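Reading through the structure tokens given below for one structure.
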Amino acid sequence: RAPLCASLWTLSGAAQAFGSSHSSNSDFLIGAEKVPPLFENLQMKRPGKRLPVFLLFALLSIQTAACKKQQPSSFAPQPSRVNAIAAKAPKKLNLEAFCDVRDVTVSAPMFELPAVDTPSTSKHNPTAWRWINVWASWCKPCVEELPMLQRWLPQLRQAGTEVQLTYLSVDEQAADMAPMLQKYPQLHDSLRITEIDALASWVQTIGLDAGATIPIHVFVAPDGRVRCVRTGGLQNQHYDAVKALLKSAP
């Protein structure tokens with residue numbers, strides 16, 4: 001109905017302009033034929049050929065008035081696409097959903113490594129976060145994420161985040177790690193838990209259940225407290241969550 005009303009508005013304006021321009025004449029023209037003054041003859045001499053302008057103007061006025069009354073909003077100016085779509089605020093990362101265990105309080109547990117077969121040779125930076133990756137050579141998701149974690153380290157440093165990544169193996173024998181050490185040089189400094197039976201009790205100290213599965217990612221703030229623990233392999237889409245976590249206040 002809106003297009004019809006818009007057309008009638010146009011015709012009505014044209015009829016008004018036509019009437020105004022011919023108001024001083026005694027005769028009105030439709031096509032090429034004269035019509036006597038409209039009060040002298042209100043009938044069509046030839047049906048379908050001539051119609052007094054009075055009737056045409058009256059019909060248009062009535063119809064356009066009805067359109068205006070029933071649908072006044074049809075002719076309102078439409079908002080532009082820019083104004084009609086509100087800008088969305090950047091989506092805030094939900095670190096509570098990323099972490100299986102999340103504690104930002106002063107009562108968060110202090111981190112302690114389990115007993116390992118060889119002590120770590122890397123020096124800890126007291127101003128940096130520590131990221132402990134619990135893995136095993138037989139764990140497929142553990143192995144799949146290794147190259148990605150290594151790519152993330154320089155990216156995180158470029159973003160202004162200092163983090164030290166430590167690998168902790170739960171392989172029963174040191175010999176089980178040998179093929180992986182050859183393939184992934186970053187694992188050469190990997191620690192290995194001495195007693196596999198002690199794994200269940202250790203994961204409980206960081207807030208997990210005794211039966212937690214690997215890989216396990218433990219994020220320790222510079223104050224030495226465990227702030228986030230996540231089980232399961234990481235994927236590329238988790239990078240932003242890791243970066244936000246490491247940039248968060250201890």
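Here are the numbers:
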{"item": "Single condition PRO141 does not satisfy, out of (1) of a type outside the set (A, V, I, L, M); (2) over 22 Å from VAL229 (Cβ atoms); (3) outside any loop (DSSP other than H, G, I, E, B)", "result": "(2)"}
{"item": "Members of the range 103-145 found to be in contact with a helix residue (DSSP H, G or I) (Cβ under 7 Å, 6 or more places away or on another chain) and basic (Lys, Arg), listed by number", "result": "none"}
{"item": "Counted residues, the range 180-217 - those being touching a residue at least 24 places away in the same chain (Cβ under 8 Å) and either farther than 23 Å from VAL242 by Cβ or of a type in the set (Lys, Arg) (or both)", "result": "7"}
{"item": "Residue in the range 237-245 that is without any contact (Cβ under 8 Å) to a residue 40 or more places away in the chain, assigned by TED's automatic domain parsing to the domain that holds PRO114 and surrounded by fewer than 12 Cβ atoms within 10 Å (Cβ to Cβ) present", "result": "yes"}
{"item": "Test: LEU146 is closer than 29 Å to THR105 by Cβ and not acidic (Asp, Glu)", "result": "no"}
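Residue-by-condition table, conditions (1) closer than 18 Å to ASP117 by Cβ; (2) hydrophobic (A, V, I, L, M, F, W, C); (3) touching a strand residue (DSSP E or B) at 6+ places or on another chain (Cβ under 6 Å):
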{"residue": "PRO141", "(1), (2), (3)": "no, no, no"}
{"residue": "LEU149", "(1), (2), (3)": "no, yes, no"}
{"residue": "GLN158", "(1), (2), (3)": "no, no, no"}
{"residue": "GLN164", "(1), (2), (3)": "no, no, yes"}
{"residue": "LEU168", "(1), (2), (3)": "yes, yes, yes"}
{"residue": "ALA178", "(1), (2), (3)": "yes, yes, no"}
{"residue": "LEU187", "(1), (2), (3)": "yes, yes, yes"}
{"residue": "ASP197", "(1), (2), (3)": "yes, no, no"}
{"residue": "ALA210", "(1), (2), (3)": "no, yes, no"}
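The values are calculated or read from the model by the stated rules, or taken from the named source; none is laboratory data. The shown structure was predicted, so the numbers you read here are calculated from the model rather than taken from an experiment. Because the Cβ atoms are built from the backbone with ideal geometry, glycine has one as well, and the counts that use them run over all protein chains shown.
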